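Notes follow once the structure below has been shown.
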Amino acid sequence: MELKLDFLREYNENIRLVSPDEVDNINIGLIPDMWRELFKEQDKEKRIQKILSVWRQHVGTNLRNTISYLDEYLEDIELMEFDNTYSILYTIKNSKGEFLYYEGRNPQDSFENEELELSWGKIPDSIRNFYENVHNGFYDYTSESMGLVPLESVTYLGDEDLDWGIIDELEEPIQINLDTSFGFFSNGMGSYVAIDYTNCNNDNATFWSAKRQPKYNVNFWSYVDEWIVIGFE
């Protein structure tokens, strides 16, 4: 436990793990009711299966490979707290025997992304379902990437402060409207799986990069599912 905390605190020195005995002391409304019951459970295998049942209920088809990987390699889940905000720490021991830490933020977090909040109702139901019922982002704890980023970090592609030099190098006319596009998945290296809400039927998305030619008309969940598993490995 101490070695894990030491590692976690390299990235956030005030992070702490909440013991099952402390859960009842958390104010009502700060965490989902399901989490309250989940983290009073002492048996980690039961905790794992309970959280995966939430994933299966809401994104069982969309993230089936991610869920399958977690089912096989997830070692533990723990409640994590910083500055009176809570998230779930996923401890994964991957197929190479390496330990990875992923963070699943609280779906009850306040909405801290003005551009996205204004457009939230236009985002596909399946994406809103994940953020509102499973996690406000699920990503590598050390890099906040290789997963669905928290709402506050979702990239508005139309932000005038962003420099998309790739536009001058496009081999064909741009096929998305940057002013209506948001990058929900980040690989941490300038590439995003992005939704243009004016063209997102059937979870249609674009793999958008600051350095590479975009890939249009990809399925949002297929790309996200594949990239998350790549991150695990």
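The values are calculated or read from the model by the stated rules, or taken from the named source; none is laboratory data. Small disclaimer: the values here were computed from a predicted structure and weren't measured. Cβ: placed from backbone, ideal geometry, glycine included. Neighbour counts: every protein chain shown. With ligands, DNA and RNA removed, areas are computed over all heavy atoms of the protein, side chains included. Shrake-Rupley method; radii C 1.70, N 1.55, O 1.52, S 1.80 Å.
Listed by first and then second residue, the pairs linking a residue in the range 143-162 that is more than 15 Å from GLU103 (Cα to Cα) and touching a residue at least 12 places away in the same chain (Cβ under 8 Å) to a residue that is among the small types (Gly, Ala, Ser) and open to solvent by less than 10 Å² (accessible area, probe 1.4 Å), with Cβ atoms under 7 Å apart and 6 or more places separating them unless they lie on different chains, are VAL154/GLY183; THR155/GLY183; LEU157/SER181; LEU157/GLY183; LEU157/ALA194; GLY158/SER181. In the range 209-227, the qualifying residues are those that are polar (S, T, N, Q) and assigned to a strand (DSSP E or B), and the one that is least open to solvent (accessible area, probe 1.4 Å) is SER209. Can you pull out the residues in the range 15-24 that are surrounded by 14 or more Cβ atoms within 10 Å (Cβ to Cβ) and not in a loop (DSSP other than H, G, I, E, B)? If the condition is that a residue be surrounded by 14 or more Cβ atoms within 10 Å (Cβ to Cβ) and not in a loop (DSSP other than H, G, I, E, B), then ARG16, LEU17, VAL18, PRO20, GLU22, VAL23 are the ones that fit.
Each row is one residue, and each column tells you yes or no for (1) modelled with pLDDT of 95 or more; (2) open to solvent by less than 90 Å² (accessible area, probe 1.4 Å); (3) more than 16 Å from ILE228 (Cβ to Cβ).
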residue: LYS4; (1), (2), (3): no, yes, yes
residue: LYS40; (1), (2), (3): no, yes, yes
residue: ILE48; (1), (2), (3): yes, yes, yes
residue: SER68; (1), (2), (3): yes, yes, no
residue: ILE92; (1), (2), (3): yes, yes, no
residue: PHE99; (1), (2), (3): yes, no, yes
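Would you check if there is a residue in the range 78-96 being hydrophobic (A, V, I, L, M, F, W, C), closer than 25 Å to ASP196 by Cβ and touching a helix residue (DSSP H, G or I) at 6+ places or on another chain (Cβ under 7 Å)? No, the range 78-96 contains no residue that is hydrophobic (A, V, I, L, M, F, W, C), closer than 25 Å to ASP196 by Cβ and touching a helix residue (DSSP H, G or I) at 6+ places or on another chain (Cβ under 7 Å). Here the range 19-38 is the region considered, the condition is being within 18 Å of ASN136 (Cα to Cα) and of a type outside the set (A, V, I, L, M, F, W, C), and the residue that is modelled with the lowest pLDDT is GLY29.
The set of residues in the range 130-148 being closer than 19 Å to GLU226 by Cβ and β-branched (Val, Ile, Thr) consists of VAL134 alone.
The single residue among LEU79, LEU52 that is touching a residue at least 12 places away in the same chain (Cβ under 8 Å) and within 23 Å of GLU233 (Cβ to Cβ) turns out to be LEU52. Put simply, of ASN12, ASN27 the only residue that is open to solvent by less than 90 Å² (accessible area, probe 1.4 Å), polar (S, T, N, Q) and in a loop (DSSP other than H, G, I, E, B) is ASN12.
Residues that are closer than 14 Å to MET80 by Cβ and assigned to a helix (DSSP H, G or I) within the range 30-40 comprise TRP35, LEU38, listed in sequence order. Across the range 74-90, the qualifying residues are those that are of a type in the set (Phe, Trp, Tyr) and at pLDDT 95 or above, and the one among them that is most open to solvent (accessible area, probe 1.4 Å) is TYR86. Applying the selection to the range 102-120, what residues are within 12 Å of the chain's Cα centre (by Cα) and either open to solvent by less than 30 Å² (accessible area, probe 1.4 Å) or of a type in the set (A, V, I, L, M) (or both)? Residues satisfying the conditions are TYR102, GLU103, GLY104, ASN106, PRO107. Filtering the range 110-120 to residues that are part of a loop (DSSP other than H, G, I, E, B) and modelled with pLDDT of 95 or more leaves only ASN113. Restricting the first residue to the range 105-120 and requiring it to be over 17 Å from GLY158 (Cα atoms), which pairs with a second residue that is among the hydroxyl-bearing types (Ser, Thr, Tyr) meet a Cβ separation below 6 Å and a spacing of at least six or different chains? What qualifies is ARG105/SER87; ASN106/TYR86; ASN106/SER87.
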